[in-house]
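Chemist: What follows is a structure written as structure tokens; I'll ask about it next.
The values are calculated or read from the model by the stated rules, or taken from the named source; none is laboratory data. Computed from a prediction, not measured in an experiment: that's the story for all the values here. When we count neighbours, we look across all protein chains shown, and the Cβ atoms used for this are built from the backbone with ideal geometry, even at glycine. Surface areas here come from the heavy atoms of the whole protein model, side chains and all, with no ligands, DNA or RNA. Shrake-Rupley method; radii C 1.70, N 1.55, O 1.52, S 1.80 Å.
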Amino acid sequence: MLEIQKFTKIIAANWKMNGSINFINNFLNDLDDLTFENINDQSICIIICPPFTYSYLIANKLKNCYLGGQNCSLFLEGAYTGDVSASMLYDIGCQFCIVGHSERRTIFNETNNEVSIKATNSLKKNIHPIICVGETLQQKNDNRTKEVLSKQIRESMNDDSNNDNTIIAYEPIWAIGSGLTPSLDEIEDIHNFIKNEIQGYENYKILYGGSVKSANSKGILNLDSVDGLLIGGASLNVDEFNKILSF
Ligand code: PEP
């Protein structure tokens, strides 16, 4: 496995259920070479998380970026039609897997316990889980963000997780795909809260996600407590993605 701590910044692209072979060929052609200079210093980690169907195609074409899954099965193998296991992801070259994305939690009713099992499966198969947590707008307005995040983190992480094998992504649900973001002070406050005040999660790498684009990425990345970004919509536009990567 990789040593997560050695990375100064981690940028993950979550393509969700978007893309095609044509899109991928164009995207990879247009991905800026500057990206690769950054990556060559080994301290920047760029992760592309395509839909499963395209993972293998990308695995064979990616230079200097890591490959990630967007989800993995609750089970390790067997009669689970439609599922993709953590070991299958590893087999085709994935080193990361997003688990507990808010779309999985809300649309597919994934619980913290299931997220924790998926994180365990990932770690067993040498994959670094990127565990997503975040509050709803209602919870934010009720001043419950920190309480909600503490519970999600404690229940979604597993005993095998440590700050060198697992990444946390703070993604306020109300910021995902909405064009809204918390203020820089709010992001800093929440990341520091997770790193310093939830016992056992000191020095975890924490990515911010939710409506990141080139216009706001530098400001967010410059925050001391932000170790990287998890990017949805803007990661599908290669020009935007190149700009974000040229920090
Ligand atoms: C996401 O889905 O993880 C995400 C952050 O999406 P967006 O960047 O589009 O808000």
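Chemist: Using the alpha-carbon centroid of each, what span in Å lies between the range 126-201 and the range 59-78?
Modeler: The range 126-201 and the range 59-78 have Cα centres spaced 23 Å from each other.
Chemist: Please report the net charge: other residues with Cβ closer than 15 Å to the Cβ of F108, K and R +1, D and E -1. List each step's numbers first, then the result.
Modeler: Values: positive: K16, R104, R105, K118; negative: D83, E103, E110, E114.
In short, 0.
Chemist: With point charges of +1 on the Cβ of Lys and Arg and -1 on the Cβ of Asp and Glu, referenced to the Cα centre of the chain, which listed residue (Q5, P51, I206) lies farthest in the positive direction of the dipole?
Modeler: Sorting the options by dipole projection puts first P51.
Chemist: Of W15, W174, which has the most accessible area and how do the rest follow, probe 1.4 Å? Don't skip to the end; give the middle numbers.
Modeler: Numbers: W15 0, W174 35 Å².
Heavy-atom accessible area, descending, gives W174, W15.
Chemist: While we're here: Run lengths n ≥ 4 of DSSP H only: what is the helix-derived mean residue ellipticity at 222 nm for the chain, with -39500 (n - 2.57) per run over all residues, to the nearest 500? Let's see the in-between values first.
Modeler: Values: 11 runs with 98 residues, N = 247.
Value at 222 nm, helices only, nearest 500: -11000 deg cm²/dmol.
Chemist: How long is the gain from N162 to K146 if the chain were fully straight, where each residue apart is worth 0.36 nm and the alpha carbon distance is subtracted?
Modeler: On the way: separation 16, 0.36 × 16 = 5.76 nm, distance 2.07 nm.
Gain on extension, N162 to K146, equals 3.7 nm.
Chemist: While we're on this one: Just to be sure I understand: with springs between alpha-carbon atoms less than 10 Å apart, which residue in A234, A215, A59 has the highest mean-square fluctuation in the Gaussian network model of the chain?
Modeler: Sorting by GNM fluctuation, first place goes to A215.
Chemist: Still on this model: So with the 1.4 Å probe, I'd like the accessible area per residue for the range 4-245, rounded to whole Å².
Modeler: Working: 10740 Å² over 242 residues.
Roughly 44 Å² per residue, with all protein chains present.
Chemist: Right, next: If you take every residue apart from V238 with its C-beta less than 11 Å away from the C-beta of V238, what net charge results, scoring Lys and Arg +1 and Asp and Glu -1? Mind dumping the intermediate values first?
Modeler: On the way: positive: K243; negative: D30, D32, D239, E240.
Net of charged neighbours comes to -3.
Chemist: Then there's this: Students sometimes get this wrong: rank I220, I92, I107 by accessible area, probe 1.4 Å, all chains present, largest first. Intermediate results must be reported in sequence, preceding the final value.
Modeler: Values: I220 5, I92 45, I107 115 Å².
Output order, biggest surface exposure first: I107, I92, I220.
Chemist: Per Stokes-Einstein, at 20 °C and 1.002 mPa s, what whole-number D in µm² s⁻¹ belongs to the range 181-247, with the Kirkwood radius over Cα pairs as the hydrodynamic radius?
Modeler: Translational diffusion coefficient: 173 µm²/s.
Chemist: Largest first, please: the extent of the C-alpha atoms of the range 66-142 along each principal axis, to the nearest Å.
Modeler: 44, 28, 17
Chemist: Could you tell me which of rounded, prolate or oblate describes the range 126-242, using a ≥ b ≥ c as the square roots of the eigenvalues of the alpha-carbon gyration tensor, with rounded for a/c under 1.5 and, failing that, prolate when a/b is larger than b/c and oblate otherwise? Don't jump to the answer; show the numbers that get you there.
Modeler: Numbers: a/c = 1.71, a/b = 1.26, b/c = 1.35.
It comes out oblate by the Cα gyration axes.
Chemist: When 1/r is averaged over all different Cα pairs and the result inverted, which Kirkwood radius in Å belongs to the chain? Write down the numbers at each step before the final one.
Modeler: Working: mean 1/r = 0.0559 Å⁻¹.
Over the chain, the inverse of the mean reciprocal pair distance is 17.9 Å.
Chemist: Going down the table (K6/K151; K125/K218; K151/K213; K9/K213; K9/K125; K140/K213), which pairs top 26 Å between alpha carbons? Numbers along the way, then the final one.
Modeler: Values: K6/K151 28 Å; K125/K218 34 Å; K151/K213 29 Å; K9/K213 16 Å; K9/K125 24 Å; K140/K213 22 Å.
Going by Cα-Cα distance, K6/K151; K125/K218; K151/K213 fall outside the 26 Å limit.
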